[in-house]
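The values are calculated or read from the model by the stated rules, or taken from the named source; none is laboratory data. Computed from a predicted model, the values in this text were never measured in an experiment. Here the Cβ is made from the backbone with ideal geometry for all residues, glycine too, and neighbour counts use every protein chain on show. Just so you know, the surface numbers come from the protein's heavy atoms only, side chains and all, with ligands and any DNA or RNA stripped out. Shrake-Rupley method; radii C 1.70, N 1.55, O 1.52, S 1.80 Å.
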Amino acid sequence: MRYGVIGSGAIGGYYGAKLARAGQELHFLFRSDYEYVKQHGLQVDSCDGSFHLDNINAYQNTEDMPNCDVVLVCLKSVNNDKLQTLLPPLLHDKTLVVLIQNGIGVEEDVQKMFPEVQLAAGLAFICSAKTQPGVVNHQCYGSINLANYSCKNEAQMQAVVEEFRQAGIETGLVEYHEARWKKAVWNMPFNGMTVALHTQTDQLLKNASTRQLIREQMMEVVQTAQHLGVKNLDEAFVDKMIETTDAMTPYSPSMRLDYDFHRRMEIYYLYTRPIEIAREAGCQMPKLEMLEAELRFLEESKI
């Protein structure tokens, strides 16, 4: 299949490069580092083995890109309004758009923009950053789950999963609501707390007080998800996420990097939207509500 990548940063650059290295046809949209990548190619420095791609299909505008069978949208969700102009040139009537983005509610809002487009969620569990032009720094993990939101063809979803696996990416096909809320269990505590306390994931878990707070925040997400009827999400999953993060390379999540580089943070889909959903369902997330307020203060003070 022919793939397009919108947002060729830490996530899109990594998964796109892995697919291209495995022989898939990839077309990448770049922004600030377009000229660098055209001249030097794309470098992936990875804990699983580094590699370099020369002469990749790099573009500055989607109008210059071909129609694609699968489009990986890896933009930060704060830029989703740009999809109204970026996405249409890549679409044909059977294109599958995979939103590899953080938060709850992104598919619902993108579907309103594009009622006829087939959407899926991409839930990446990966430590990856792009802090210099044309170089993706993959620190650890790297799996991704795909969840069907509005794709009419399950065989198409399975075919994408298989091509990811053939590229050496651990990939699963999972239920949509379960996948989104499971990702929120990790994202909501760690993204915001690393910003609010100006630290990394390892330090939050080494300190007994913040370790307990992280656990309590995770349980707020679990309890809300259970109230909403989400399956396979319980206290054991919280234990697993904490254990996995204990073993993780010390990491600054995407929100911490956005804050450090004076970019807008993904507060709406990571915090505001799920908190609103919780309230509408009769649930409360008091510790995460406080974290959201702190993040809004920090963003308004910094930008």
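See the values below:
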read-out	value
Assigned charges on the beta-carbon of Lys, Arg, Asp, Glu; the range 241-283 dipole about Cα centre (debye)	200
The chain, accessible surface, carbon-and-sulfur percent (1.4 angstrom probe)	47
Estimated FRET transfer efficiency when R0 is 41 angstrom, pair GLN60-ALA281 (beta carbons, to 0.05)	0.40
Long-range HN-HN contacts of ILE11 with modeled amide H, under 5 Å	none
Where labels lie 7 Å past Cα in the beta-carbon direction, separation of ASP260 and SER301 in nm	1.9
Computed FRET value (nearest 0.05) for ASP234 with GLU25, which takes r as the C-beta separation and R₀ as 30 Å	0.15
The range 170-189 residues near the modelled ALA247 label - backbone nitrogen below 18 Å, point 7 Å along Cα→Cβ	170-172, 186
In degrees, nearest ten, helix 208-227 long axis to first principal axis of the chain (Cα)	70
Inter-probe distance in nm under a simple model that places probes 7 Å from Cα toward Cβ, at VAL78 and ARG165	3.8
Only Lys, Arg (+1) and Asp, Glu (-1) charged, at Cβ; the chain dipole about Cα centre in debye	260
Contour minus Cα-Cα distance for ASN207 and GLN226 (0.36 nm per residue)	4.0 nm
Extension gain, HIS40 back to MET1 (0.36 nm per residue minus Cα-Cα distance, nm)	11.5 nm
Under Karplus coefficients 6.51, -1.76 and 1.60, residue-wise ³J(HN,Hα) of the range 274-287 in Hz, glycine/proline x	x, 5, 4, 4, 4, 4, 4, 8, x, 10, 10, 10, x, 6
Residue of ALA247, ALA167, ALA121 that the Gaussian network model of the chain assigns the largest fluctuation, springs spanning Cα pairs under 10 Å	ALA247
Rg to Rh, two decimals, where the range 31-130 supplies the alpha carbon set and Rh follows Kirkwood	0.98
Label point 7 Å beyond Cα of ASN153 along Cβ direction - residues of the range 59-87 with amide nitrogen under 13 Å	68-71
3J(HN,Hα) from dihedral phi, the range 128-135, Karplus parametrisation 6.51/-1.76/1.60, rounded to Hz, x for glycine, proline	8, 9, 9, 10, 8, x, x, 10
Calculated Rg and Dmax of the Cα atoms in Å (choose from (i) 28.9, 84; (ii) 18.6, 55; (iii) 19.5, 59), label	(ii)
In order through the range 235-240: 3J(HN,Hα) via Karplus (6.51 cos²θ - 1.76 cosθ + 1.60), integer Hz, x for Gly, Pro	5, 5, 5, 4, 4, 5
Cα-centre dipole for the range 161-277 with unit charges at Cβ (Lys and Arg positive, Asp and Glu negative), debye to 20	280
Among MET1, SER77, GLN139 the positive-end extreme of the charge dipole of the range 1-151 (Cβ point charges)	GLN139
Calculated Rg and Dmax of the range 151-262 using C-alpha coordinates, Å	16.2, 48
Å² per residue, accessible surface of the chain at 1.4 Å	44
